[in-house]
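Every read-out reported here was derived from the displayed coordinates using simple, explicitly stated rules and does not represent laboratory data. Everything quoted here is computed from the prediction, not taken from an experiment. Neighbour counts run over all protein chains shown; Cβ positions are idealised from the backbone, glycine included.
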Amino acid sequence: MQQNWKKLLKADPTDWLLEESDPGVRYLALRDIVDADEKEVKAARRKAHREGPIAVILDNMNPEGYWVKPGPGYGPKCLSIVWSLISLAELGASIEEDKRVGTACAYYLSHALAKGGQFTPAGGAASTADCLQGNMLLSLMDLGCKDKRLDIAYDWMGRTVTYKDMPRKINRDGLAPAEGVPGPFRYLDRFGPLFACRTNSDLPCSWAALKVMMAFSRLPVERRTDLIKRAIDIGVDFFLTGDPSKAEFPGHRIGTPDPRWWQFRFPSFWGADILQIAEAFTALGYGADPRLANTLDLIRKKQDDNGRWPLEFVDNSHKMWVKYGTMGKPNKWVTLRAMRVLKRTAKDKTEK
């Protein structure tokens, strides 16, 4: 394949992504776009952890492993441990490079993962939502976390999608009534099957569904149980039966699809865009699937004459540790996202 996939671009922005002034973007571009040699990538990774966004976020971490306040850390949004881990994962942070990343992952698992496999937003009541479950599995996997408890969390997520063997009641540890399992038990808050969410009137939430599919894409094929394979198939049907470029699936809000689907963003956090659909399904090996063709065309058309993609959505209602760019302007992080997708698509077509 080499770099032939770039012939379909309006222009090649690789040199822009490799600028020394942005060590975070440079590291990921060397790793994911250029396929640089291992020595160069390791040096760039080291620099990215000592300068730029990764360093800023880690420097604001409490030595115990949390941000802002102790606990499972759903709030405050964009600053607490949930959002800091999501940010670090999107930025390419690694447990191998900085032990503080491992400390944060271990802290989060100890404070937010129930025995039943649910990531809880506030602790205590062991309920979750697909968006949180998917986001945190995705982030922990990308950060290099290898904790065995992630298998239990993946199993829970597979059951919420398929609704296979889902309990009607759980205790505070997220465990169903069974011999030797102490109570008290309460009815499980409504979510699933098919990405249903109680905040969406028990209809599917496609933002959450996409986080789930992103997380499934990170699970090696050899670790995918029959349950998880079935859940992935459900997700494929959910997103690819219609035209993903038109958001022809239930939107985050009831009725007309949310316009933010067409606004490319960074970081993703709780929302999603059409570009993330392509990220998920190219990572799952569907880059050559004709049902994804319109989505990929849409992504290409958003590129400007210099080969760059703009930042089209910024959540200005919450403070973040780092500012990632100006809305409406060419953005290296969004460009990196798009370039990854198009490269992976070319690879899938070559191998087909």
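Structure summary
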item	result
A106 paired with D237, simple spin-label distance in nm, labels 7 Å along Cα-to-beta-carbon	4.3 nm
Relative contact order %, the range 222-344, counting alpha carbon pairs below 8 Å whose residues are six or more apart	24 percent
Over the chain, volume per residue of the alpha carbon convex hull, in Å³	136 Å³
Given charges at beta-carbon only (K, R positive; D, E negative), |dipole| of the chain in Debye	300 debye
The chain, relative contact order in percent, only Cα pairs under 8 angstrom and at least six apart counted	17 percent
Ranking of E19, E179 by count of other Cβ atoms within 10 Å, fewest first	E179, E19
Selection from C145, V314, G285, by position along the positive dipole direction of the chain (Cβ)	V314
Sorted by Cβ density within 10 Å, fewest first, the residues V341, V212	V341, V212
Net lengthening on full extension, D37/D173 (0.36 nm per residue, minus Cα-Cα)	44.4 nm
Chain lengthening between Y163 and L8 when straightened (0.36 nm per residue, less Cα-Cα)	51.6 nm
Degrees, to the nearest 10: 99-112 long Cα axis against longest axis of the chain	30 degrees
Of K42/K115; K7/K349; K39/K319; K7/K323; K47/K69, pairs whose Cα-Cα distance is over 25 Å	K42/K115; K39/K319; K7/K323; K47/K69
Candidate aspartates and glutamates for bridging to K246, where Cα separation is under 13 Å - those fewer than 8 sequence places away on the same chain excluded	D258, D273, D297
Selection from L298, L79, I33 lying farthest towards where the dipole of the chain points positive, charges on Cβ	L79
Crossing angle, helix 332-351 versus the chain [Cα axis fit, 0-90 degrees, rounded to tens]	90 degrees
Gyration tensor (alpha-carbon) shape descriptor, the range 1-41, a/c threshold 1.5	oblate
Computed log₁₀ I(q)/I(0) - Debye formula, equal Cα scatterers, no solvent, the range 201-335, q 0.16, 0.21, 0.22 Å⁻¹	-0.87, -1.34, -1.41
Rounded if a/c under 1.5, otherwise prolate or oblate - the range 2-117, Cα gyration tensor axes	prolate
Note, ³J(HN,Hα) from phi for the range 225-242, Karplus 6.51, -1.76, 1.60, rounded to Hz, x at Gly and Pro	6, 4, 4, 5, 4, 5, 5, 5, 4, 4, x, 4, 5, 4, 8, 9, 5, x
The range 307-352 shape via C-alpha gyration tensor axes, a/c threshold 1.5	prolate
Spacing of the two label points (7 Å from each Cα toward its C-beta) at K69 and T350, in nm	5.1 nm
Loop-resident sites, the range 31-64, for trypsin sites (Lys or Arg not before Pro), counting at most 14 other Cβ within 10 Å (DSSP)	none
